[in-house]
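Q: A single structure is presented below for examination.
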Amino acid sequence: MNRESKNSLAEVLPTHTPSLFRAAVIRAAELLRAGELVALPTETVYGLAANALDARAVEKIFQAKGRPQHNPIIVHVASIEMARRCVADWPTLAEKLAVAFWPGPLTLVLPRSREIPDAVTAGGETVGVRWPSHPFIQAVIRECSFPLAAPSANPSNQISPTSADHVRAMLGEKIQLIVDGGLSNVGIESTVLDLTPRPPRVLRPGMIHAESLIAVIGELAAASGQNDEGKLRSPGLLRKHYSPRAQLRILNWRDEADLDSQLSTLNAQPNQTHIIAHTCILLGEKFPHVSVIPHDAEAFARAIYAELHRCDEAGAKLIVVEALPEGIEWRAIADRLRRAAID
Ligand code: TXA
Ligand code: MG
């Protein structure tokens, strides 16, 4: 993606030396204090941040993303004490989970405190809180001394960004500042755990998987996106989500001929088809665009969104991802790909 793209309003600040890091923290905090939006790196994906205590600033997030008003936003903190100020109740389970997994890719949904405006919770009585591990967003939160509301920094329903360039390509015309903190280390969005029901329930799977949560809290409700009335508990669980522009299919194949015959009904030319493989790697004779992500769940999670962004940029009509292995460490990635594959 081209950093000099003409339509970009956004300034992109680097952070790779201590003085650049410090200067970017000061600039980001200045804009956030003034009620503006700033795109910031986190270890999961880049976030589009605003002062979580300023309803007007949070409204700007909905506008910039084209986000439906009913979708609540995660609040990012830089200490357990700050998390406790965002919630009405801090149960022992929350303390145990925070000690085990924070800072890190786990969001806890708890009853909201009065300080958190309706714009953040979408009018609901709960708030999602997360202490991210990326040092840059931590430094900005400390500098501001207020929590940051931040959804992923992409237009609603598109793939989350895992680099500053992704943000610039998708939102560069809508925001003033993007901070470049390198490639996101986790690569997919946090696990969202609702602590308000007993037992707690995973609303969105992530790289902190159910078995790790159970090891700390003992019990989890069976995964489901529906509450008793059949209403969505978490709008992020809408079936279609996180999609590339190209059509996406998840398939297994023996070789190029086998894949070719499976694709014959899909009406995509081989040169407009991009293949993402991890195990059965094609030689690129029939299909010229083949990329490989290592057969390792963490490496795969780190790389998959960047691959999908790249395929879209290259004008792919169809993206074929090799079906993922079984195993708990692959479940959250499989969840994202399943949603991306819905037409
Ligand atoms: O890793 C992440 O969580 C990233 C980084 C930036 O922290 N953020 C992120 O935010 O993915 P977003 O808005 O793209 O996704 C947040 C998900 C949505 O599915 C939303 O519906 C759900 O969390 N969520 C947020 N607050 C909630 C609440 N109070 N109750 C239920 N679901 C909530
Ligand atoms: Mg998102």
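The values are calculated or read from the model by the stated rules, or taken from the named source; none is laboratory data. These figures come from a predicted structure and were not determined experimentally. Don't worry about glycine lacking a Cβ; one is built from the backbone with ideal geometry, like all the others, and counts go over all protein chains shown. Protein only, heavy atoms only, side chains kept; ligands, DNA and RNA dropped before computing areas. Shrake-Rupley method; radii C 1.70, N 1.55, O 1.52, S 1.80 Å.
Q: May I ask you to verify whether Pro199 is open to solvent by 30 Å² or more (accessible area, probe 1.4 Å), out of contact with any Ser or Thr (no Cβ under 7 Å at 6 or more places or on another chain) and under 30 Å from Arg114 (Cβ atoms)?
A: yes
Q: Check whether at least one residue in region 67-77 is outside any loop (DSSP other than H, G, I, E, B) and farther than 30 Å from Ala340 by Cα, and report yes or no.
A: Looking through region 67-77, none of the residues is outside any loop (DSSP other than H, G, I, E, B) and farther than 30 Å from Ala340 by Cα.
Q: Now for a separate question. All but one of (1) among the hydrophobic types (A, V, I, L, M, F, W, C); (2) under 20 Å from Pro244 (Cβ atoms); (3) modelled with pLDDT of 95 or more; (4) under 21 Å from the mean Cα position of the chain (by Cα) hold for Ala316; state the number of the condition that does not hold.
A: Condition not satisfied by Ala316: (4).
Q: Hey, can you tell me all the residues within region 173-211 that are more than 9 Å from ligand 1 (Cβ to nearest atom), assigned to a strand (DSSP E or B) and under 16 Å from Gly47 (Cβ atoms)?
A: Leu177, Ile178, Val179, Asp180
Q: Determine whether Glu36 is open to solvent by 10 Å² or more (accessible area, probe 1.4 Å) and assigned to a loop (DSSP other than H, G, I, E, B).
A: On the way: open to solvent by 10 Å² or more (accessible area, probe 1.4 Å): yes; assigned to a loop (DSSP other than H, G, I, E, B): yes.
Judged against the criteria, Glu36 is a match.
Q: Residues in region 327-336: is at least one open to solvent by less than 40 Å² (accessible area, probe 1.4 Å), of a type in the set (Val, Ile, Thr) and not assigned by TED's automatic domain parsing to the domain that holds Leu183? Spell out the reasoning first.
A: Quick first cut of region 327-336, residues open to solvent by less than 40 Å² (accessible area, probe 1.4 Å) only: 327, 330, 332-336.
Narrowing further to those that are of a type in the set (Val, Ile, Thr): 333.
Filter once more, so that each one left must be not assigned by TED's automatic domain parsing to the domain that holds Leu183: 333.
Yes, region 327-336 contains at least one residue that is open to solvent by less than 40 Å² (accessible area, probe 1.4 Å), of a type in the set (Val, Ile, Thr) and not assigned by TED's automatic domain parsing to the domain that holds Leu183.
Q: When region 54-77 is examined, which residues are found to be surrounded by fewer than 19 Cβ atoms within 10 Å (Cβ to Cβ), more than 22 Å from Thr162 (Cα to Cα) and among the hydrophobic types (A, V, I, L, M, F, W, C)?
A: Ala55
Q: Hey, can you tell me all the residues within region 119-166 that are in a helix (DSSP H, G or I), within 16 Å of ligand 2 (Cβ to nearest atom) and under 14 Å from the mean Cα position of the chain (by Cα)?
A: Of everything in region 119-166, just one residue is in a helix (DSSP H, G or I), within 16 Å of ligand 2 (Cβ to nearest atom) and under 14 Å from the mean Cα position of the chain (by Cα), namely His166.
Q: Looking at region 12-25, which of its residues are exposed (fewer than 13 other Cβ atoms within 10 Å of the Cβ) and within 22 Å of Gly172 (Cβ to Cβ)?
A: His16 - this is the single residue of region 12-25 that is exposed (fewer than 13 other Cβ atoms within 10 Å of the Cβ) and within 22 Å of Gly172 (Cβ to Cβ).
Q: Can you go through Ala88, Ala83 and tell me which one is surrounded by fewer than 16 Cβ atoms within 10 Å (Cβ to Cβ) and aliphatic (A, V, I, L, M)?
A: Ala88
Q: What is the number of the single condition among (1) in contact with a Leu (Cβ under 6 Å, 6 or more places away or on another chain); (2) touching a residue at least 40 places away in the same chain (Cβ under 8 Å) that Val290 does not meet?
A: Unmet for Val290, out of (1) in contact with a Leu (Cβ under 6 Å, 6 or more places away or on another chain); (2) touching a residue at least 40 places away in the same chain (Cβ under 8 Å): (2).
Q: Consider region 50-84. How many of its residues are acidic (Asp, Glu) and in contact with a helix residue (DSSP H, G or I) (Cβ under 6 Å, 6 or more places away or on another chain)?
A: 1
Q: Looking only at region 98-118, count how many residues are surrounded by 21 or more Cβ atoms within 10 Å (Cβ to Cβ) and assigned to a strand (DSSP E or B).
A: Going through region 98-118 one residue at a time, the tally reaches 6.
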